[in-house]
Amino acid sequence: MFKYLKNHKLLSFVVAIGLFGGVYLLTRHQKTEYIPHQVETGTIQDTLELSGKVNADSLATLRFPTGGLVTYLGPKEGETVNKWQTLATIDSRQLQKTLEQKLNLYSVQRDTFEQTIDDNDNSVPDGDLARTLS
């Protein structure tokens with residue numbers, strides 16, 4: 001191979017120049033263009049808009065024994081809350097009305113049951129029922 005290069009010096013020189021020229025053309029930097037801008041005097045203001053969820057240091061989950069209409073909301077957003085402070089109340093009128101209806105229904109069913117027991121205390125079984133009980 002070295003013999004070939006010695007015999008063809010001109011061809012080797014042209015190939016070497018071509019390689020160096022190609023590397024130069026590929027690696028050269030393009031000229032940076034500058035865009036003129038009018039400088040103005042003013043206040044520098046940095047604005048940062050973010051989206052996400054913000055959590056407090058400690059959170060509380062409110063649970064009520066029943067559902068209903070919220071009639072009172074205690075502290076406002078950002079206020080400090082003390083232990084055992086009332087945060088919200090629910091209208092209990094509907095709950096009281098439902099409780100009274102259920103108690104009335106229970107009372108009617110209990111009276112019916114008591115009456116059935118009283119009616120059956122003095123009866124004598126007859127037929128197949130009498131044979132089964134004997």
Overall Cα dimensions of region 70-121 - principal axes, largest extent first, Å: 68, 20, 8
Hey, what angle do you get for helix 9-27 against the long axis of the chain, alpha-carbon based, 0 to 90 degrees rounded to 10? 40
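Please state the relative contact order of the chain as a whole percent: Cα pairs under 8 Å, 6+ residues apart? Show your work: numbers first, answer last.
Numbers: 29 pairs, mean separation 17.8, N = 134.
Relative contact order comes out at 13 percent.
Run the helix sum for the chain: -39,500 (n - 2.57) per DSSP H stretch of 4+ residues, divided by residue count, reported at 222 nm to the nearest 500 deg cm²/dmol. Mind showing how you got there, number by number?
On the way: 4 runs with 60 residues, N = 134.
Calculated from helices alone, the mean residue ellipticity at 222 nm is -14500 deg cm²/dmol.
Give me the net charge of A56's neighbourhood, meaning all other residues with Cβ under 13 Å from the Cβ of A56; Lys, Arg count +1, Asp, Glu -1.
Working: positive: K53; negative: D57, E77, E79.
Around A56, the surrounding residues sum to -2.
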Can you tell which of Q109, G67, V81 lies farthest toward the positive end of the dipole of the chain, using +1 and -1 charges on the Cβ of basic and acidic side chains (Lys, Arg; Asp, Glu)? V81
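So how much slack lies between N82 and E49, counting 0.36 nm per residue of separation and subtracting their Cα-Cα distance, in nm? Mind dumping the intermediate values first?
Details: separation 33, 0.36 × 33 = 11.88 nm, distance 3.33 nm.
Gain in length upon complete extension: 8.5 nm.
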Pulled fully out, how much extra length does the chain show between L103 and D118, if you take 0.36 nm times their separation in residues and subtract their Cα-Cα distance? 3.2 nm
Net dipole in debye of region 70-121 [+1 Lys, Arg Cβ; -1 Asp, Glu Cβ; about Cα centre; nearest 20]: 540
Return the single residue from G21, G68, G42 with maximal mean-square fluctuation; model: Gaussian network over the chain, springs between Cα atoms under 10 Å. G21
Quote the relative contact order of region 70-121 in percent (integer), defining contacts as alpha-carbon pairs under 8 Å separated by 6+ residues. 31
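We did not get these values from a lab; they are worked out from the coordinates using the rules stated. Because the structure is a prediction, the values reported are computed rather than measured. Here the Cβ is made from the backbone with ideal geometry for all residues, glycine too, and neighbour counts use every protein chain on show.
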